[in-house]
Amino acid sequence: MKIALCSSFVPFVNGGYRNIVEWLEIVLREAGHEVERIYLPEVDAPDLLFKQMAAFRFVDLEAADRIICFRPQSHLIAHRHKIVWFIHHLRGFYDLWDSPYRGFPDDTHHRGIRDALWAADTAALGEAKQVFSNSQVVSDRLQRYNGIQSETLFPPIFRPERFHHRAMNDEIVCICRLEHHKRQHLLIEALRYCNSPVKLKLCGLSSSTDYPAGLRQLALDQGVAGRVVIDHRWIGEDEKADLLADCLAAAYLPVDEDSYGYPTLEAAHAAKPLLTTTDAGGTLEFVLHEINGLVTPPEPQALAMAMDRLYEDRDEAQRMGRSANARIEELNIGWSHVLERLLA
Amino acid sequence: MKVLVVNNMAPFVSGGAESMAAHLKTHLEAAGHEAEVLRIPFQWEPATRIPSQMLMARAFELQNVDHVIALKFPAYLIPHPRKTLWLVHQYRQAYDLYDAGQTNLPDGQIGDNLRHLIKTADNECFQGARHIFSISDVTQKRLAKYNGFASDVLRAPINDPELFAGGPSENYIFAGGRVNAAKRQHLLLEALALAPRNVRLVIAGPPDSVADATRLHEATERLGLKDRVRLDLRFLERREYAAWVNGAAAVASLPFDEESFSYVAMEAATAGKALISTTDSGGVLGLAKHKETGWVAEPHPEALATALGAAYADPKRTADFGSAARACWISHNITWPATVEALLS
């Protein structure tokens, strides 16, 4: 089949939004399909939104047998066989309207843009043969704001067999971008309340140097610098697999994430228990308290208790790690399921 | 610098300009820049939809990009304050192909309006460009003739010059690259039949169609050339192809009215091989110069047969022509580092 994968992009900015497309591309090619990947630019400025949406509308992909659309506003592209794998709305106009993340005033002008955007999104999504989402959270938003029914299709990671369980050392690792909204600082703050000698390793690249520098200072101020490693750099896939193979547990505490997040899934493939917080959003669709990990309020003391518990009760940690691994199959997270649904 | 290469794409068809864009990205990165390719889908049928495709390119917004290098219509219409054009071609069906009666634009007022629209948008884009480079003399002349814009010719470099180190002659004449009627490999076979018996020919490359391949096989049979010709009609890996070039006594390239130097001639000159071409081969004649870098014959079998024989008559002279071809090529300074520097200037 000739399949066009359509998404929007910001030049020179990488991240999970490209992984879902590019991994699917490889898997589809391996399955014998012809694939064309189409990344078109999109800038979120309210006053530039509609002319760009018109551009998406003019994209002509008649040569494809079907198209699969990902990041907004690629779902605006018209096609006789359009599938949408929706990963998020333009959230400032949706669930983040009443939040500091909106980024523009709540006035008649912007309300007008918002209402028109909702109508255009609803119409474009309505054209699709099928709408999938990457999480229950996103499905709920599609239902609430657009009245669109969608099927949750969890994005798998690429070549998951790379991840495995080898040992359980004394370290809780957190491997994701070092960013304020990923809240590595909460883990450092928790460390000083820990009674056990549990250690922390925070690895990843940051979009700025401020946050990693702040983390280092925080560790010094809290007197826990000897128990935390802050590794501010891009972690290669092999190294990541090694870190997860040997760690005690994996922590991932994003603020209201759209989906469970690749770090969660990677740790589960390595059969490690997961540590997260009650406000982590889509992460909670995967992590179940005391079953495959520990879910605490986003507070240092509560996190510290959970960290001690993981350190002290290795049998429980081991058991929860195994459950995390079993959860992957339970949720049907895998490429064969993805292909089956997207190509149905 | 963050450099975005902007190109068209025809979904599920990969063309020459796509590979040029990919190589440009690689060489921008080699020069220490961040580079990415934006491929904008372009559908020109039916022609009445062309305005929507132009509008699409103009309505996209770019952020986080320091410099744009745009290659084709209508992708080059995308707005950016620092945009350099490396013009592969315009929408030729509104210009020279229209004049030649080969256009998909409708007759009458609608067609006239479309041409006017394309030309106006082009002119506005050319006016605002930081710098305009043309891929060939032909593209440069068209741009001057139809739009009145001056541009500098910046030819596409070869992508892997290190493969074409040259080497001793293994006594065959090589004709590589795509096989089709316009590249005229069949003419070489006709010439071979009239050339001295010691001349041998290797033709290797992908045929455009089954008919193109059949034509060469039949000619070889009909002219009784089986023991003097090797036909290897398929896509060759770069290393296989380079090995044929490096071992050749001389390289023949006789496309009809080629726009550019042609990769085949550029690669042969890089390898220091004498060139055999024809008087009507257009851009190839920028490198193939009669009795300087090889032989340029009239495009018929007798004249070409004389050229083929001459390449064997005096091996020392043939080798000297090869060295002269290499010197001629080097004098043009067509390399990726120089190209990247020009495109970012």
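Using DSSP to call loops (not H, G, I, E or B), can you name the chymotrypsin sites (Phe, Trp or Tyr not before Pro) in segment B:37-82 whose Cβ has at most 16 other Cβ atoms within 10 angstrom?
Here no loop site has a sparse enough neighbourhood.
Please name whichever of B:T270, A:I83, A:A119 sits farthest to the positive end of the charge dipole of the protein assembly as shown, dipole taken about the Cα centre and charges placed at Cβ: Lys and Arg +1, Asp and Glu -1.
Highest projection toward the positive end goes to B:T270.
For the peptides B:233-240, A:177-184, what is the packing order when you average, over each peptide's residues, the other Cβ atoms within 10 Å and list the highest mean first?
Sorting B:233-240, A:177-184 by mean packing, highest first, produces A:177-184, B:233-240.
What average number of partner chain Cβ atoms lie no more than 10 Å from the Cβ of the residues making up A:28-36?
Shielding by partners across A:28-36 averages 1.
With everything on Cα atoms, drop me the angle between helix A:16-30 and the longest principal axis of chain A, reported from 0 to 90° to the nearest 10.
Once rounded, one gets 70 degrees.
Which residue, B:H33, B:H116, B:F73, has the largest displacement toward the positive end of the dipole of chain B when charges sit on each Cβ (Lys, Arg +1; Asp, Glu -1)?
Checking the options against the dipole of chain B, the answer is B:H33.
If you count only protein heavy atoms and use a 1.4 Å probe, how large is the accessible surface of A:R114, to the nearest 10 Å²?
A:R114 has an accessible surface of roughly 40 Å² with all protein chains in place.
Roughly how many debye, to the nearest 20, is the charge dipole of the protein assembly as shown about its Cα centre, given +1 on each Lys and Arg Cβ, -1 on each Asp and Glu Cβ, and no other charges?
Roughly 1380 debye, rounded to the nearest 20.
Please sort by residue number the trypsin sites (Lys or Arg not before Pro) in segment A:226-291 whose DSSP state is loop and whose Cβ has at most 13 other Cβ atoms within 10 Å.
Qualifying residues, ordered by number: A:R233.
Can you tally the net charge around A:D246? Count Lys and Arg as +1, Asp and Glu as -1, for every other residue whose Cβ sits under 15 Å from the Cβ of A:D246.
0
Could you state the number of Å between the C-alpha centres of segment B:1-78 and segment A:43-97?
19 Å
Once both labels are modelled 7 Å past Cα along the beta-carbon direction, what's the A:T278-A:A63 spacing in nm?
5.5 nm
Counting only C-alpha contacts under 8 Å and six or more residues apart, can you give the relative contact order of chain B as a whole percent?
Reported relative contact order: 14 percent.
Sort B:330-336, B:191-197 by the packing proxy (mean of other Cβ within 10 Å over each peptide's residues), most packed first.
B:191-197, B:330-336
Which value, in Å² and to the nearest 10, is the accessible area of A:W335 when all protein chains are kept and the probe is 1.4 Å?
Answer for A:W335: close to 40 Å² accessible.
Probe 1.4 Å, all protein chains in place: accessible area of B:K289 in Å², nearest 10?
The accessible area of B:K289 comes to roughly 70 Å².
Suppose all protein chains stay in the model; what accessible area per residue would a 1.4 Å probe give for chain B, in Å²?
It amounts to 42 Å² per residue over chain B.
Quote the FRET efficiency, to the nearest 0.05, computed for B:H116 versus A:N14 with a Förster distance R0 of 41 Å and r equal to the Cβ-Cβ distance.
0.45
Keeping the other protein chains in place, figure out the carbon and sulfur percent of the accessible area of chain B, with a 1.4 Å probe.
54 percent
Considering only protein heavy atoms, with the full assembly of protein chains and a 1.4 angstrom probe, order A:V13, B:V229 by accessible area, largest first.
Result of the area sort, largest leading: A:V13, B:V229.
Let's test the formula: R0 of 30 Å, r as the Cβ-Cβ distance of B:S209 and A:D238. What FRET efficiency results, to the nearest 0.05?
That pair, B:S209 with A:D238, gives E of 0.05.
What length, rounded to one decimal in nm, is gained on full extension from A:W118 through to A:R319, with 0.36 nm per residue of separation minus their alpha-carbon distance?
Fully extending the segment from A:W118 to A:R319 adds 67.8 nm.
With +1 assigned to the C-beta of every Lys and Arg and -1 to the C-beta of every Asp and Glu, and no other charges, what is the dipole magnitude of segment B:126-284 about the Cα centre in debye, to the nearest 20?
Rounded to the nearest 20 debye, it is 120 debye.
Explain nothing, just the number: dipole magnitude of segment B:1-148 about its Cα centre with +1 on each Lys and Arg Cβ and -1 on each Asp and Glu Cβ, in debye rounded to the nearest 20.
180 debye
Chains A and B: how much accessible area gets covered up at their contact, both sides added, probe 1.4 Å, in Å² to the nearest hundred?
Adding both sides of the contact gives about 2500 Å².
Nearest 10 degrees, 0 to 90: what angle lies between the long axis of helix A:237-246 and the longest principal axis of chain A (Cα atoms)?
The answer is roughly 40 degrees.
Relative to the present Cα-Cα distance, how much length would full extension add between A:E312 and A:D47 at 0.36 nm per residue of separation?
89.9 nm
Can you give the FRET efficiency for B:E240 and A:L96, using 1/(1 + (r/R0)^6), R0 = 60 Å, r = Cβ-Cβ distance, to the nearest 0.05?
0.60
Along the charge dipole of chain B, which of B:N171, B:L97, B:L62 sits closest to the positive end, that is, farthest toward it, with unit charges on the beta carbon of Lys, Arg, Asp and Glu (+1, +1, -1, -1)?
Value computed over the given set: B:N171.
Amide H to amide H, which residues 5 or more places from A:S135 or on other chains are under 5 Å from it, using H placed in the peptide plane?
Residues meeting the amide H criterion: A:L153.
The values are calculated or read from the model by the stated rules, or taken from the named source; none is laboratory data. Model, not experiment: these values are computed from the prediction. Heads up, the Cβs are rebuilt from the backbone with ideal geometry, glycines too, and the neighbour counts pull from every protein chain shown. Only protein heavy atoms, including side chains, enter the accessible area calculation; ligands, DNA and RNA are left aside. Shrake-Rupley method; radii C 1.70, N 1.55, O 1.52, S 1.80 Å.
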